[in-house]
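The values are calculated or read from the model by the stated rules, or taken from the named source; none is laboratory data. In this text, all values refer to a predicted model and were calculated from it rather than measured experimentally. Here the Cβ positions follow ideal geometry from the backbone for every residue, glycine too, while neighbour counts run over all protein chains shown. The protein model used for the area step is the full one, side chains on, heavy atoms only, and it has no ligands, DNA or RNA in it. Shrake-Rupley method; radii C 1.70, N 1.55, O 1.52, S 1.80 Å.
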Amino acid sequence: MTEALLSIRNLSAAYGMAEVLFGVSLDARRGEVVALMGRNGAGKTTTLKAIIGMVEASAEALSFAGEDIRRLPSYRIARLGLGYVPEERRIFTDLTVQENLEVGRRPARDGRKAWTLEKLYAIFPNLAEMEGRRASAMSGGEQQMLTIARTLMGNPDMVLLDEPSEGLAPVIVEQMAEAVIAMKATGIAVLLCEQNLHFAAAVSDRAYVIEKGAIRFSGTMAELEANDEVREAYLTV
Amino acid sequence: MDLSFIIIQSLSGLASASSLFIIASGLTIVFGVTRIVNFAHGSLYMLGAYLAVTIVPLLLDVDRSLPMFLLGVLISALIVGVFGALMEIILLRRIYHVPELFQLLATFGVVLIVQDLVIKIWGAVEIPGPRAPSLRHGVFIMDQRFPAYELFLIAAGIVVLAVLWLLMQKTRFGVLIRAATQDREMVAALGVNQAWLFTGTLFLGAFLAGLGGALQIPRVAINTQMDISIITEVFVVTVIGGMGSVPGAFIAALIIGQLQAFGILIFPKITLVLVFLLMAVVLVVKPWGLFGKSDAAAGRAILPEGILSLKRFGTVDNIVAGLAIAVLLALPVFGDNYMVKVGIEVLVLALAAFSLHFLIGVGGIVSFGHAAYFGLGAYAAGLLVTKGGLSMEPSILLAPIIAGAFAALFGYFVVRLSGIYLAMLTLAFAQIVYAVCFQWVEFTGGDNGVVGVWPSSWASSRQVYFCVVLAFTLSAIIALRHAIYAPFGYALRAARDSATRADAIGIDVRRIRWFAFTLSGAAAGLAGGLYSFSKGSIDPTMISIPMSVDFLVMVLLGGIQTVIGPLVGAAAFHSIKDFFMPLTDFWRMFLGASIILMVLVFPRGISGAAASLTDRFKPAPKPAVAPS
């Protein structure tokens, strides 16, 4: 399938008077892992929030799975099969691990196989051991796993993944990379916001580079890795 | 006091605790999910009771049995649940994103509407309810007779607790409610339709309120004041327990139930005071209640934006102010007696509203009980004249001092809190004052108040007294305005906008807030003192919640972002009230609907609307250029 699953044309967004995005355009196809790279404040998180409907935004076109999602509330967008994993994780700390997963549960669309607790625990074995524990008693890495697992419980076709490697120990980052690869293996597309080039390169097919609210580069991951100029201008700190 | 007596007494405390818990659990669940403190929860309770006294007797006519009684109670509660769901769909859904002060006011609008509806449908007289079949007898516990129905109520509370626990822990709906209590936006991003979740929550909350009300019918005669009396108690329970916490509500209800049961033996007159004192103590020790979380209330603006830019009076403003004063001075000369009377009332209310706005718009302190200080001033002046044998002059001067002293006392606790808890505590203090004035019949005349509060003979004509009032109110307003423009006012606004940052640059936030609270209370007290002499009497309505709400409405009607707004608001509000109230039996309904409309359509008030109108005709402001 070559037609885009997620398609964005000229997306602009602002927080009150402060404009953040100036006409971002990008596409992602089914089953593809696309990295959206850029420094802090470049507009990565805002792009994701605008897609899921958490930030007021305007766009020439913003569609998911063939549906115009510009005016839809978040829950309708989520129900179309677009999952969102926020950077701050936003797990429900008063709830147990299992209850957190329950909040995310939605039936699978088109008769495909649904994610089950067992399948998720296979990817995130740590979670299985702490099913009944309150989420507030988990480490940062465990919370990151939980927030991804919670989104997968909604059986999405695509996941917007915001900086999953941020602030985590290298061994956990490796687990995150494996999780992304496992998601891709089941046919889930991923739009991955990242600053960590190694992490992005390990899992992504293509990449966009964003700076000051506009896309500055797009190409395959290999092209980005080969392009020193772009990397130095927009990615290295 | 022997053992059996103590046991009986604590059992009856348990029975009231049980009723309180059933009602309070509904309020706290609704607050947890929607973040709205639903003032109309007491109205839902009252509706439940009225529906039950209508429905239960019909069913008992069919078959005089306990199941029929319970069926009637359940049907009533379900109808109230549907009413709550409709309220969510029609009103609450539109106000989730407005500041908490507006939410409180809008739901209070529903209180007013329901009051008039109930009077229209059921009349204003008390209705005794049917007793519950098979539970009419007494049970002997250690040789003391105890009503079986009270035991049944205790059991009902436990059943409700168990069912709620199962619902919250074991069902998807419960898990979603708990998740939404923490982070609504994230729940939506996971594909949950919040609209239904919120409607469902309101249904549940209203059902519990209705159930609590319906269960009361064998115990008390149903009356139209049930809503306000229960809502203050239920607020206390949820605040002490921690807003949003069901277990907290349970523990708090137990404590309050026992406090009332034994307090009535020791201080029969001031049980209400005891309850509010407990709340004040709990909030000072644990500002978020016993089981509450700070993050639940923080991060949300209780306030609409207050006064942002202070403009000094320009030529036009000076002319307008001069003209206004000239008109006021001309009023006693050219106006008739009625106009002078209305003029006095407007001036007094304008000062009260201005002093409240000083707290809200400048200090960011949302007082939901400003009538307390107005009333304290009125009672101080009135009692000094009638019981203290003083003349008018010293009484008027002492009124603000006494009201200010109480404001200092209460304010000491109030300024330690913020957000909705602060508003609740001001409400609690106001209710303490109200309860004392209402219950201390020998001294305050109770419900009837005291008459014979007349000015000295030289000021006995309305025209002269008008000039007295004008002199006092104008000086007080100018003094307060001066305080707004003084460094003190700037510091107060800094503390309003960011308490932590103000603290970091060396402003003693608590202290200046405390001072502002005292000052504002004193000004309201002066207004109250002047008011009592104009009416010739004092009575508890001057301290009641509706009076506090009237002041808030004046402030909001005038516009919260302007300094002069509350004066305009007081004049507009009082004129409208004076004109319409005699014309209609449905003043409360009209007022309630107007409040709701104002919150939905004109949140910035008259002055705010006027300001945006003038902005529209002004040329667009030039972009600011930074000094080089």
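Could you list, in sequence order, all residues of region B:478-489 that are open to solvent by 20 Å² or more (accessible area, probe 1.4 Å), of a type outside the set (Val, Ile, Thr) and closer than 25 Å to B:Ala527 by Cα?
Matches in region B:478-489: B:Ala479, B:Arg481, B:His482, B:Tyr485, B:Ala486, B:Phe488.
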(message) I'm trying to understand the selection: among the residues of region B:420-453, which are buried (at least 21 other Cβ atoms within 10 Å of the Cβ) and on the phi > 0 side of the Ramachandran plot?
(response) B:Gly445, B:Gly449
(request) List the number of the failed condition for A:Arg90; all other conditions in (1) assigned to a loop (DSSP other than H, G, I, E, B); (2) surrounded by fewer than 18 Cβ atoms within 10 Å (Cβ to Cβ) hold. (result) (2)
(message) Please go through (1) open to solvent by 50 Å² or more (accessible area, probe 1.4 Å); (2) touching a residue at least 60 places away in the same chain (Cβ under 8 Å); (3) of a type in the set (A, V, I, L, M, F, W, C) for A:Ala137 and return the number of the only condition it doesn't satisfy.
(response) (2)
(request) Take region A:190-213 and flag every residue that is surrounded by fewer than 18 Cβ atoms within 10 Å (Cβ to Cβ) and closer than 17 Å to A:Asp27 by Cα. (result) A:Asp205
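Which residue is surrounded by the most Cβ atoms within 10 Å (Cβ to Cβ), if the candidates are limited to region B:495-514 and must be without any contact (Cβ under 8 Å) to a residue 12 or more places away in the chain and part of a helix (DSSP H, G or I)?
So in region B:495-514, the residues without any contact (Cβ under 8 Å) to a residue 12 or more places away in the chain come out as B:498, B:500-506, B:508, B:511.
From the residues that got through so far, the ones that are part of a helix (DSSP H, G or I) too are B:500-504, B:511.
Details: B:Thr500: 8, B:Arg501: 12, B:Ala502: 19, B:Asp503: 14, B:Ala504: 9, B:Arg511: 12.
The qualifying residue surrounded by the most Cβ atoms within 10 Å (Cβ to Cβ) is B:Ala502.
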(request) Could you please tell me which pairs satisfy a Cβ distance under 8 Å, a separation of 6+ or placement on different chains, a first residue in region B:21-35 that is surrounded by fewer than 24 Cβ atoms within 10 Å (Cβ to Cβ), and a second residue that is acidic (Asp, Glu)? (result) B:Arg35/B:Glu100
(request) Considering only region B:173-196, state which residues are more than 7 Å from every other protein chain (Cβ to nearest Cβ), out of contact with any Gly (no Cβ under 7 Å at 6 or more places or on another chain) and open to solvent by 10 Å² or more (accessible area, probe 1.4 Å). (result) B:Arg184, B:Ala195, B:Trp196
(message) Any residue that is part of a loop (DSSP other than H, G, I, E, B) and aliphatic (A, V, I, L, M) - is there at least one of those in region B:411-432?
(response) yes
(message) Suppose we keep only residues that are at pLDDT below 90 and open to solvent by 10 Å² or more (accessible area, probe 1.4 Å) within region A:27-52. Which one would you say is farthest from the other protein chains (Cβ to nearest Cβ)?
(response) A:Arg39
(request) Kindly indicate which of B:Ile230, B:Ile217 is assigned to a loop (DSSP other than H, G, I, E, B), of a type in the set (A, V, I, L, M, F, W, C) and modelled with pLDDT of 90 or more. (result) B:Ile217
(message) Of the residues A:Leu82, A:Leu62, only one is within 21 Å of A:Glu32 (Cβ to Cβ), within 13 Å of chain B (Cβ to nearest Cβ) and open to solvent by less than 20 Å² (accessible area, probe 1.4 Å); which?
(response) A:Leu82
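If I filter region B:138-172 down to residues being within 11 Å of chain A (Cβ to nearest Cβ) and either more than 27 Å from B:Ile36 (Cβ to Cβ) or not hydroxyl-bearing (Ser, Thr, Tyr) (or both), which single residue comes out as least open to solvent (accessible area, probe 1.4 Å)? Please lay out each step first, then the result.
Filtering region B:138-172 for residues within 11 Å of chain A (Cβ to nearest Cβ) gives B:168-172.
Imposing the further condition that a residue be either more than 27 Å from B:Ile36 (Cβ to Cβ) or not hydroxyl-bearing (Ser, Thr, Tyr) (or both) reduces the set to B:168-170, B:172.
Values: B:Met168: 21, B:Gln169: 66, B:Lys170: 143, B:Arg172: 71 Å².
The qualifying residue least open to solvent (accessible area, probe 1.4 Å) is B:Met168.
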(request) Quick one: count up the residues across region A:99-134 that are open to solvent by 80 Å² or more (accessible area, probe 1.4 Å), within 14 Å of another protein chain (Cβ to nearest Cβ) and within 22 Å of the chain's Cα centre (by Cα). (result) 2
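Here is a check on your reading of the model: is A:Tyr75 buried (at least 16 other Cβ atoms within 10 Å of the Cβ) and within 19 Å of the chain's Cα centre (by Cα)?
yes
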(message) Of everything in region A:65-79, what is at the interface with chain B (Cβ under 8 Å from one of its Cβ atoms) and assigned to a loop (DSSP other than H, G, I, E, B)? Give them in sequence order.
(response) A:Pro73
(message) Please determine whether any residue of region B:556-563 is of a type in the set (A, V, I, L, M, F, W, C), surrounded by 20 or more Cβ atoms within 10 Å (Cβ to Cβ), at pLDDT below 85 and assigned to a loop (DSSP other than H, G, I, E, B).
(response) yes
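Confirm whether A:Thr96 is hydroxyl-bearing (Ser, Thr, Tyr), open to solvent by 10 Å² or more (accessible area, probe 1.4 Å) and within 18 Å of B:Lys170 (Cβ to Cβ). Quick ask: steps written out before the conclusion?
Numbers: hydroxyl-bearing (Ser, Thr, Tyr): yes; open to solvent by 10 Å² or more (accessible area, probe 1.4 Å): yes; within 18 Å of B:Lys170 (Cβ to Cβ): yes.
When the stated conditions are applied, A:Thr96 passes them.
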